[in-house]
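The values are calculated or read from the model by the stated rules, or taken from the named source; none is laboratory data. As the structure is a computational prediction, the values presented were derived from the model and not from experiment. Glycine also receives a Cβ, built like all others from the backbone with ideal geometry; neighbour counts cover every protein chain displayed. Surface areas here come from the heavy atoms of the whole protein model, side chains and all, with no ligands, DNA or RNA. Shrake-Rupley method; radii C 1.70, N 1.55, O 1.52, S 1.80 Å.
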Amino acid sequence: MVSTVVALITVVGVAGTAVAVPPPPPNPSDSEIDAGRQQADAKAALVGELTGRLTDAEARLRQLTDDVAFKMELANKARVDLETAEAEADRARREAESAKVEAAAAGQAVEQARVRLDEFAGASYRQGSLVGSVSAYIGASSPEDLLARAQLLKAVSESSLDALDDVERSRGEKANKDAAARAALDLAGRKEAAADQAKRDAEVAQTAASQAQQGQAAAAQRIQDDKAAVEGQLDQALGAVQGLEGQRAQYNQWLDDKRREEEEAARQAALAAAAAAAAAQPAPAPALRPQPVVAPSSGGVETVVARAMSQLGVRYSWGGGNYDGPTVGIRDGGVGDAHGDYYTVGFDCSGLMMYAFAGVGVYLSHYSGYQYNAGRKVPLAQAQRGDMLFWGPGGGTHVALYLGGGMMVEAPYSGSSVRVAPVRYGGIMPYATRLL
């Protein structure tokens, strides 16, 4: 009997050594985690503010770009108008020059005709006819002389004087044409000057619009650069929070392992004590049989969280995962097949929940829609650590485990892996499901 007790004690010692828990991992304080979350929230708020400013800046940039295009077209119009005005002014100048030449020629023709008429009159006078002017009537000495002179004048009027009248009329027409041409030239000159001024004004307006557009583009780019920088800082802040929460989850897992180790040691000690007591009895006692270990019921939420967090980095495989861990996925005929989910080991979203909750004896179906109805519904605003969050009609699109503080752990989609991420509120169901 003593040898039996010694053997049992030896087994206990060996078992205790086999399940010894390693030293505790780092355990960040609540204040450190809260500070990290506050920093991430501040960066997220700043990203939102910069996004709004960038939207406004880009809208203004589009307006200014349209204004530049409009001003460029106005400048084109002004150039066309100026070219037209210049052409009209050139034509008016040519016509004015031509009319001036014609008027001068007409005046010269009148003078030449007058000279010829005077020569005719002089010749007539020398011949005694005294024809050439009104004086031919005034110098008549008798009615017969006056009649004779009138007949001569009539003859002259029918030839040379009529010709002189024609030349005079032509000169008047040419003079009128010259005046009209000068007036047209003056009007064309004013139009040309106005068109030239309009062209300069349009070019100034175009330049100002282009400068405004370039300035706005630079301002929008600066906002974009600031936003990209803050987004990088947000990623760093979220990474830091995820790291701290991951350390906390690992520490809680260590506590659970430590507790189980202590409970197992206590159980083994009780077995050893019972064996020693049995050995001390005078009558032989039946051999002791090991009792089954009952899983503890306390700390269930942290156990679930720890099991889910222990799979960080495990790849997504559609249809993968069960109560024991990641499994080979199945074919989906689409995106999952393109990423090779059907021949690689991993989790999909509901498979990760199956594994996490199996650690506390809760066995879920491998479908998020069924998981949504597996527990008590709580308003999303009252969600607590360890609750499940759902997306899509009836929760049938996606499921994730809420970690608290606006963060969750999930197996998101083909081509990704299990990760911690901020809660996405687009399309989320208004209720969370609480199992514990």
Matching residues in the range 404-433 - criterion: being out of contact with any helix residue (DSSP H, G or I) (no Cβ under 8 Å at 6 or more places or on another chain), more than 28 Å from Asp337 (Cβ to Cβ) and open to solvent by 60 Å² or more (accessible area, probe 1.4 Å) = Tyr425
How do the pairs read when you match residues in the range 222-244 that are without any contact (Cβ under 8 Å) to a residue 60 or more places away in the chain with residues anywhere that are surrounded by 15 or more Cβ atoms within 10 Å (Cβ to Cβ) and assigned to a helix (DSSP H, G or I), using Cβ under 6 Å and keeping only pairs 6 or more apart or on different chains?
-> none
With the checklist (1) open to solvent by less than 50 Å² (accessible area, probe 1.4 Å); (2) modelled with pLDDT under 70; (3) not acidic (Asp, Glu) in hand, flag the one item Val134 doesn't pass.
-> (1)
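If you check Lys177, Lys154, Lys191, which single one turns out to be open to solvent by 40 Å² or more (accessible area, probe 1.4 Å), at pLDDT below 70 and assigned to a helix (DSSP H, G or I)?
Of the residues listed, the single one that is open to solvent by 40 Å² or more (accessible area, probe 1.4 Å), at pLDDT below 70 and assigned to a helix (DSSP H, G or I) is Lys154.
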Starting from the range 81-108, take each residue that is within 30 Å of Gln197 (Cα to Cα) and among the hydroxyl-bearing types (Ser, Thr, Tyr) and list its partners that are assigned to a helix (DSSP H, G or I) and open to solvent by 70 Å² or more (accessible area, probe 1.4 Å), counting only C-beta distances under 7 angstrom and pairs at least six apart or across chains.
-> none
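Of the residues in the range 223-252, how many are of a type in the set (S, T, N, Q), open to solvent by 50 Å² or more (accessible area, probe 1.4 Å) and within 30 Å of Gly359 (Cβ to Cβ)?
The total comes to 3.
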Restricted to the range 348-378 and to residues being open to solvent by less than 40 Å² (accessible area, probe 1.4 Å) and β-branched (Val, Ile, Thr), the residue farthest from Tyr402 (Cα to Cα) is Val362
Residue check for Ala87: at pLDDT 85 or above, out of contact with any Pro (no Cβ under 9 Å at 6 or more places or on another chain), assigned to a helix (DSSP H, G or I) and open to solvent by less than 40 Å² (accessible area, probe 1.4 Å) = no
Subset of the range 26-57, residues open to solvent by less than 30 Å² (accessible area, probe 1.4 Å) and closer than 27 Å to Leu255 by Cβ, comes to Pro28, Ile33, Gly36, Ala40
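Among the residues of the range 399-416 satisfying the criterion of being among the small types (Gly, Ala, Ser) and more than 28 Å from the chain's Cα centre (by Cα), which is nearest to Gly369 (Cα to Cα)?
Per the stated criteria, the residue is Ala400.
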If you go through the range 389-397 one residue at a time, do you hit one that is part of a helix (DSSP H, G or I), aromatic (Phe, Trp, Tyr) and surrounded by 23 or more Cβ atoms within 10 Å (Cβ to Cβ)?
-> no
What residue, of Glu73, Glu32, is more than 30 Å from Leu234 (Cβ to Cβ), among the acidic types (Asp, Glu), at pLDDT below 90 and part of a helix (DSSP H, G or I)?
-> Glu73
For the range 57-91, the count of residues that are more than 39 Å from the chain's Cα centre (by Cα) and of a type in the set (Val, Ile, Thr) equals 1
Please give the number of the condition Arg149 fails out of (1) among the basic types (Lys, Arg); (2) modelled with pLDDT of 70 or more; (3) in contact with a helix residue (DSSP H, G or I) (Cβ under 7 Å, 6 or more places away or on another chain).
-> (2)
Matching residues in the range 379-388 - criterion: being closer than 13 Å to Val304 by Cβ and open to solvent by less than 40 Å² (accessible area, probe 1.4 Å) | Gly386, Asp387, Met388
Counting only residues that are of a type in the set (Lys, Arg) and either modelled with pLDDT of 95 or more or touching a strand residue (DSSP E or B) at 6+ places or on another chain (Cβ under 6 Å) (or both), which one in the range 306-347 is least open to solvent (accessible area, probe 1.4 Å)?
-> Arg307
Tell me which residues, restricted to the range 58-79, are open to solvent by 60 Å² or more (accessible area, probe 1.4 Å) and basic (Lys, Arg).
-> Arg60, Arg62, Lys77, Arg79
